[in-house]
Amino acid sequence: MRELSAEARLHLYARSLSRRTGTGLHAAALYGAFAVIAAIVFGTLSVHPF
(Lines give C-alpha, C1' and ligand atoms only; values in the text may rest on other atoms or scores of the structure.)
Protein backbone atom coordinates (compact mmCIF):
# COMPACT_ATOMS: atom_id res chain seq x y z
CA MET A 1 0.00 0.00 0.00
CA ARG A 2 1.39 3.39 -0.93
CA GLU A 3 2.11 6.12 1.57
CA LEU A 4 -0.50 8.88 1.86
CA SER A 5 0.69 12.45 1.70
CA ALA A 6 0.12 14.76 4.66
CA GLU A 7 -2.49 16.67 2.69
CA ALA A 8 -4.44 13.50 1.88
CA ARG A 9 -4.31 12.38 5.51
CA LEU A 10 -5.56 15.79 6.66
CA HIS A 11 -8.39 15.65 4.12
CA LEU A 12 -9.47 12.19 5.29
CA TYR A 13 -9.32 13.28 8.94
CA ALA A 14 -11.39 16.41 8.24
CA ARG A 15 -13.97 14.39 6.33
CA SER A 16 -14.40 11.85 9.12
CA LEU A 17 -14.60 14.64 11.70
CA SER A 18 -17.29 16.49 9.76
CA ARG A 19 -19.24 13.26 9.29
CA ARG A 20 -19.24 12.68 13.06
CA THR A 21 -20.22 16.29 13.77
CA GLY A 22 -23.04 16.12 11.20
CA THR A 23 -24.41 12.98 12.81
CA GLY A 24 -24.32 14.57 16.27
CA LEU A 25 -26.00 17.68 14.95
CA HIS A 26 -28.69 15.58 13.28
CA ALA A 27 -29.38 13.68 16.51
CA ALA A 28 -29.52 16.91 18.51
CA ALA A 29 -32.02 18.40 16.05
CA LEU A 30 -34.16 15.26 16.23
CA TYR A 31 -34.19 15.22 20.05
CA GLY A 32 -34.87 18.96 20.08
CA ALA A 33 -37.90 18.47 17.84
CA PHE A 34 -39.23 15.76 20.16
CA ALA A 35 -38.67 18.03 23.16
CA VAL A 36 -40.63 20.87 21.51
CA ILE A 37 -43.52 18.52 20.65
CA ALA A 38 -43.58 17.14 24.20
CA ALA A 39 -43.55 20.66 25.65
CA ILE A 40 -46.50 21.66 23.46
CA VAL A 41 -48.48 18.54 24.38
CA PHE A 42 -47.83 18.88 28.12
CA GLY A 43 -48.49 22.60 27.94
CA THR A 44 -51.89 22.13 26.35
CA LEU A 45 -52.79 19.38 28.83
CA SER A 46 -51.88 21.56 31.81
CA VAL A 47 -54.61 24.06 30.82
CA HIS A 48 -57.26 21.44 31.83
CA PRO A 49 -59.40 21.55 28.69
CA PHE A 50 -61.88 18.98 30.07
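The values are calculated or read from the model by the stated rules, or taken from the named source; none is laboratory data. Quick caveat, the model's predicted, so the values are computed rather than measured. Backbone-built Cβ (ideal geometry, glycine too); neighbour counts: all protein chains shown. Calculation scope for accessible area: heavy atoms of the full protein, side chains included, ligands and nucleic acids excluded. Shrake-Rupley method; radii C 1.70, N 1.55, O 1.52, S 1.80 Å.
When segment 31-50 is limited to residues that are part of a helix (DSSP H, G or I) and open to solvent by 90 Å² or more (accessible area, probe 1.4 Å), the one that is modelled with the lowest pLDDT turns out to be LEU45. All of (1) modelled with pLDDT of 80 or more; (2) surrounded by 10 or more Cβ atoms within 10 Å (Cβ to Cβ) hold for THR23 with one exception: (1).
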